[in-house]
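Have a look at the structure below before the remarks.
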Amino acid sequence: MSWLSTMDEEAAARAEVGLARELRPRPAGDAMIDLAGNDYLGLAGHPDVIAAAAGALAAYGLGATGSRLVRGSTDLHAVLEEALAQHLQCDSALVYSSGYLANLGAIRALVRPGTLVVSDAHNHASIVDGCRLACAGRLGRCGASTVVAPHADPAAVRSILAAHPGRPAVVVTESVFSVDGDLAPLRQLYEVSRQFGALLMVDDAHALGIRGASGAGAVVEAGLAGQPDVVVTATLSKSLGAAGGVVAGPAQLRRHLVDTGRTFIYDTALPPAVAAGALAALDLLRRGSELRAVLAARSSLAVDRLRAAGLEVSTPDAGVISVTAPSADAAYSWAKRCRERGVAVGCFRPPSTPDGRSRLRLTINVGVPSRVFADALDTIVKEAVW
Ligand SMILES: Cc1ncc(COP(=O)(O)O)c(C=O)c1O
């Protein structure tokens with residue numbers, strides 16, 4: 001069959017340049033030291049979170065049994081949305097079954113016919129796909145288009161907006177970027193956006209729980225929460241240790257998404273047990289200033305240790321640290337050797353890197369004991385041989 005042999009050929013070509021990917025199912029309670037996942041605050045396995053989820057599992061059953069507008073909305077979803085709106089200091093919040101779908105839905109809602117979307121060059125794939133979906137094809141808006149702006153560059157955003165006078169515009173950025181862990185200049189982006197009457201959409205996925213008072217995120221920290229021209233999205237799968245996504249902003253946006261948002265309407269709701277677990281995690285996260293202090297101390301320790309070994313390391317603004325590898329192959333075998341020595345690290349290669357460079361991505365998990373964390377850094381340094 002020719003389509004299968006085409007896939008075989010493409011797979012062989014990817015393997016040739018070190019871009020084959022592999023699933024590694026982990027058993028319950030595996031002994032790997034986790035510097036690869038996104039459970040920054042160690043809440044995924046917290047007893048209060050598990051108890052809340054288990055209680056809801058018994059009370060509501062496994063699945064949500066329907067989309068949100070049919071049978072999938074439970075009182076837990078409503079309470080979670082209230083709690084998230086309050087935490088993110090927005091008028092309203094709408095929960096999705098993933099952060100990916102939240103981004104697709106939010107961007108599509110903000111893009112109107114003729115809208116110009118200005119998207120940061122390092123934005124996550126879900127934002128990139130959201131821009132594509134909103135601007136192109138049969139579902140796209142007539143005359144809408146996306147311009148990719150140089151990374152974290154408000155002056156470049158200004159030039160792009162200035163070059164398209166009179167067009168409605170949306171500026172889209174992550175707050176803490178998922179690959180390099182750097183913080184976007186949110187305040188300046190907001191000022192530029194306002195100057196041109198543009199909306200600012202911020203994906204706060206990697207800052208929620210980590211930055212801002214009570215872990216309210218980078219948008220709150222920048223003093224932008226609740227502004228009528230700011231929309232926040234986030235995933236519940238990182239510092240909350242759960243799953244699901246959220247779009248937060250003015251009540252009119254929520255109404256619009258409920259009435260028209262395809263990734264909200266045509267998708268089975270988040271399982272109620274996950275909503276209950278996320279709610280319990282949110283409560284712990286709010287009170288988690290000690291966890292945030294440990295995370296910050298660990299980030300600096302890791303950067304110092306890795307830089308002292310001569311490695312090229314990003315400067316983390318939250319819990320993501322990127323360590324450059326000389327090639328995709330080198331990154332792959334480095335991560336593999338770490339894994340064989342019991343340390344799980346992220347291995348990011350094109351197309352998952354914004355600049356085509358391969359790296360290890362380390363994520364800080366405060367659930368890892370500090371001695372074990374220090375040993376894991378030693379392992380990463382020792383295995384950096386190519
Ligand atoms: C910045 C960012 N936005 C969105 C997502 C998607 O969230 P989810 O995994 O909940 O679909 C991720 C990662 O998973 C992310 O890193």
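Taking a quarter of the surface of the convex hull around the Cα atoms of segment 189-240, what do you get in nm²?
With every direction weighted equally, the projected area is 3.3 nm².
With the contact rule set at Cα under 8 Å and sequence spacing of 6 or more, what percent relative contact order holds for segment 244-386?
After rounding, I find 19 percent.
Run the quick spin-label model on Thr268 and Arg14: label points 7 Å from Cα toward the beta carbon, then report their separation in nm to one decimal.
Distance between the two pseudo-spin positions: 2.6 nm.
For segment 224-379, what is the convex hull (Cα atoms) projected area averaged across all directions, in square nanometres?
Computing the convex hull of the Cα atoms and averaging its projections yields 12.1 nm².
Could you let me know the centre-to-centre spacing of segment 94-112 and segment 42-56, using Cα atoms, in angstrom?
27
Once you have a ≥ b ≥ c as the square roots of the Cα gyration tensor eigenvalues for segment 34-137, tell me rounded if a/c is under 1.5, and otherwise prolate or oblate according to whether a/b is larger than b/c.
Prolate shape, in that a/c is at least 1.5 and a/b is the bigger ratio.
Taking 0.36 nm per residue of separation and subtracting the Cα-Cα distance, what length does fully extending Ala51 through Asp355 add?
My answer for the length gained is 105.2 nm.
Against the globular-protein guess of 2.2 N^0.38 Å, express the Cα radius of gyration of segment 243-315 as a ratio, rounded to two decimals.
My calculation over the Cα atoms of segment 243-315 gives 1.73.
Please report, in whole Å, how far the alpha carbons of the chain spread along each principal axis, starting with the longest.
So the three principal-axis extents are 54, 53, 52 Å.
Once the piece of chain linking Val258 and Ala28 is laid out straight, how much longer is it, given 0.36 nm per residue of separation minus the C-alpha distance between them?
Gain in length upon complete extension: 79.1 nm.
Roughly what % antiparallel, to the nearest 5, for the DSSP beta bridges in the chain?
Counting only bridges with both partners in the chain, antiparallel ones make up about 50 percent.
Contact order normalised by length for segment 63-157, with contacts defined as Cα pairs under 8 Å and 6 or more residues apart; what percent is it?
Averaging sequence separation for qualifying contacts and normalising by length gives 22 percent for segment 63-157.
Could you work out, for segment 1-94, what percent of all Cα-Cα pairs fall into each 10 Å distance bin, beginning at 0 Å and stopping at the bin that holds the largest distance?
Here the calculated profile for segment 1-94 is 11, 22, 26, 21, 19, 2.
Rounded to a whole number, what is D in µm²/s for segment 293-375 from Stokes-Einstein with the Kirkwood radius over alpha-carbon pairs (20 °C, 1.002 mPa s)?
Rounded to a whole number, D works out at 163 µm²/s.
What relative contact order, as a whole-number percentage, does segment 212-270 give when Cα pairs under 8 Å and 6 or more residues apart are counted?
Worked out over segment 212-270, it gives 20 percent.
With the radius of gyration and the Kirkwood radius both derived from the Cα set of segment 96-145, what is their ratio Rg to Rh?
Radius of gyration over Kirkwood radius for segment 96-145 works out to 0.95.
For the ranges 318-331, 90-103, what's the packing order if you count other beta-carbon atoms within 10 Å of each residue, average per peptide, and put the highest first?
Top to bottom by mean Cβ count within 10 Å: 90-103, 318-331.
Quick one: what do you get for segment 184-296 if you divide its Cα Rg by 2.2 N^0.38 Å?
With N residues counted in segment 184-296, Rg over 2.2 N^0.38 Å equals 1.14.
Can you divide the C-alpha Rg of segment 331-376 by 2.2 N^0.38 Å and report the result to two decimal places?
Segment 331-376 yields a ratio of 1.27.
How large is the Kirkwood hydrodynamic radius of segment 279-324, counting all unique pairs of alpha carbons, in Å?
Over segment 279-324, the inverse of the mean reciprocal pair distance is 11.8 Å.
Assuming 0.36 nm per residue, please report the length gained on full extension of the stretch Ser370 to Ala251 beyond their Cα-Cα distance.
38.5 nm
Among DSSP beta bridges lying fully in segment 88-235, give the percent that are antiparallel, nearest 5.
In segment 88-235, DSSP labels about 5 percent of beta bridges as antiparallel.
For a distance above 21 Å, tell me the whole-number percent of Cα pairs in segment 81-164 that qualify.
40
Which order do the peptides 32-44, 239-251 take when ranked by the mean count of other beta-carbon atoms within 10 Å per residue, highest first?
Result, highest mean first: 239-251, 32-44.
Values in this text are rule-based calculations from the coordinates and carry no lab data. Please read all numbers here as calculations on a predicted model, not as lab measurements. A quick note on method: Cβ atoms are made from the backbone with ideal geometry, for glycine too, and the neighbour counts reach across all protein chains shown.
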